[in-house]
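Heads up, the thing below is written out as structure tokens.
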Amino acid sequence: MPRVIIVGGGLAGPCLAHGLRGAGFEVALHERDEGLSRGQGYRIHIDPVGTRALYECLPPHLYSMAIDTSCVAGTSVTMLSGSLDVVNRFVVNPDPGAPVTPDSDISVDRLTLRQILLAELGDAVRFGSEFTRFDLLPDGRVRAHFAGGASEDADILVAADGPSSRVRRQLLPDASVVRTGTWAVFGKTPLTPDAEAITPPAALDGFSAVIAPDGRFMPLAGHRFRKDPNSLASGLDFPDTRDYLMWVLAIQEDLSGLGPAALLDAVEDRISDWHPDLRRLVRLSDPETVRVTPLRTAEPVDPWPSGPVTFVGDAIHCMIPAGSGAGVALRDAGLLSTELGAALRDGSPLVEAIARYERQMLIYGFEAVAASLRPRF
Ligand SMILES: Cc1cc2nc3c(=O)[nH]c(=O)nc-3n(C[C@H](O)[C@H](O)[C@H](O)COP(=O)(O)OP(=O)(O)OC[C@H]3O[C@@H](n4cnc5c(N)ncnc54)[C@H](O)[C@@H]3O)c2cc1C
């Protein structure tokens, strides 16, 4: 049975692990974190290519769990002024009660989805295992090295290690990921009755964002679980299943040295002239969820000679948040599983399957990067 090492247990890595296991591969997934981090707990939109990849890669009961724990659908994308007046509203989903299909847009709680994705991979998942470098072996296989001195051999190494990918830096040292000069400060405010009473209705009916003429931009989106994840008799213990409002403030200043309390002060300061309810909502955040991250974007990469090392997701085509990075990352996982599975079935060389995958992925992946940079509002 061919063996695949996946580096990274974010979204694309575990989805790929399921897809490849289903296709007949032995998989080992190495994640540098010691476990699931609450900092990855915000709401993300997944577009239909991502939903379909989840459907194709996951065992049916895990796919159902992902859908059951997704967000109750809303109808609109709404732009708000700092005083919370509706500036513009687009109905994007006239039938929010329609059943979710594998071709639906969904919004999910990222931490909940990761917990589901990693649930049944058993000892294929190695937490606390940080990839450091790889060697290409004379027999066409690959050796991966990990912090602490461990190493493992495999037929294929897949980098799912996100925007700072060490695999990319080794295999494609000229492929660059650039900082945009914008940072996102984000957090979750539990939707207690007090918080809900002051939440703009538009934020609970889809996606909304406060946009100021000076460029300040603050997305707001409620997450209400369709079903309480802990009610699903899954055997999993989900740590925080409260409904919440996710808020994000885009800023042009590096605040990455600040802890949650100072970040909350900084956000409040920057929106001090906006509606007081926005400041109250920020103040009601769960401090453990407040983080800041630089927004980065990958520059187009020319095709390289395919081999036993390849990439999925942000490791190759990271993009600024525009509602599609996760969907494209999951699409990569689905497509790579399909191509490798077909090669395994018909006995053709795995590296040809990787080449077919890379040809397609580089086109749609970097089209998505370009789209993320186009102004949308
Ligand atoms: C604030 C914000 C909001 C976003 N909102 C959306 C949205 O609404 N919709 C959307 O589609 N996208 C969104 N995105 C983008 C989306 O999060 C990414 O595109 C997606 O997470 C990519 O998944 P991935 O698995 O490729 O990488 P990641 O999710 O980044 O996972 C990489 C994993 O690799 C691990 N890792 C890294 N280095 C190593 C190593 N050396 N050894 C072992 N493990 C390693 C990391 O710990 C991590 O777990 C958003 C991004 C941000 C920052």
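The values are calculated or read from the model by the stated rules, or taken from the named source; none is laboratory data. These figures come from a predicted structure and were not determined experimentally. Don't worry about glycine lacking a Cβ; one is built from the backbone with ideal geometry, like all the others, and counts go over all protein chains shown. The area values use the complete protein model at the heavy-atom level, side chains included, leaving out ligands, DNA and RNA. Shrake-Rupley method; radii C 1.70, N 1.55, O 1.52, S 1.80 Å.
Quick look at the values:
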quantity	calculated
J(HN,Hα) series, the range 281-298, from Karplus relation 6.51 cos²θ - 1.76 cosθ + 1.60, nearest Hz, glycine and proline x	5, 5, 5, 7, 5, 7, x, 5, 9, 8, 9, 10, 9, x, 8, 10, 9, 7
Carbon/sulfur fraction of accessible area - the chain, other protein chains in place, 1.4 Å, %	52
Amide H within-cut-off set for Ile46, under 5 Å, with H built and near neighbours excluded	Ile106, Ser107, Val108
Residue of Phe186, Phe311, Phe90 that the Gaussian network model of the chain assigns the largest fluctuation, springs spanning Cα pairs under 10 Å	Phe90
Residue-averaged [θ]222 nm for the chain, counting only DSSP H segments that reach four residues, each worth -39500 (n - 2.57)	-10000 deg cm²/dmol
Gain upon complete extension [Ala212, Arg226; 0.36 nm per residue less C-alpha separation]	1.8 nm
Amide N of the range 267-306 lying under 17 Å from the label point, which is placed 7 angstrom from the Cα of Asp194 along Cα→Cβ	276-288
Heavy-atom surface of the range 1-46, accessible at 1.4 Å and reported per residue (Å²)	32
Stretch gain in nm, segment Asp174-Val92, where the contour uses 0.36 nm per residue and the Cα spacing is subtracted	25.6 nm
The range 217-274 versus the range 317-344: alpha-carbon centroid distance in Å	26
Whole-Hz ³J(HN,Hα) from phi, Karplus 6.51 cos²θ - 1.76 cosθ + 1.60, for the range 87-95, glycine and proline x	8, 7, 9, 10, 7, 9, 9, x, 10
Compactness of the chain as Cα Rg over 2.2 N^0.38 Å, two decimals	0.99
For the range 22-30, 3J(HN,Hα) per residue [Karplus equation, 6.51 cos²θ - 1.76 cosθ + 1.60, θ = phi - 60°, Hz, x = Gly/Pro]	x, 8, x, 9, 8, 10, 10, 10, 10
Among Leu171, Leu335, Leu362, residue whose mean-square fluctuation peaks in a GNM of the chain (springs only between Cα atoms under 10 Å)	Leu171
Convex hull of the range 179-295 built on C-alpha atoms - directionally averaged projected area, nm²	8.3
Heavy-atom surface of the range 179-295, accessible at 1.4 Å and reported per residue (Å²)	45
Inter-site label distance for Ala322 and Ser272 at 7 Å from Cα along Cβ, in nm	3.5
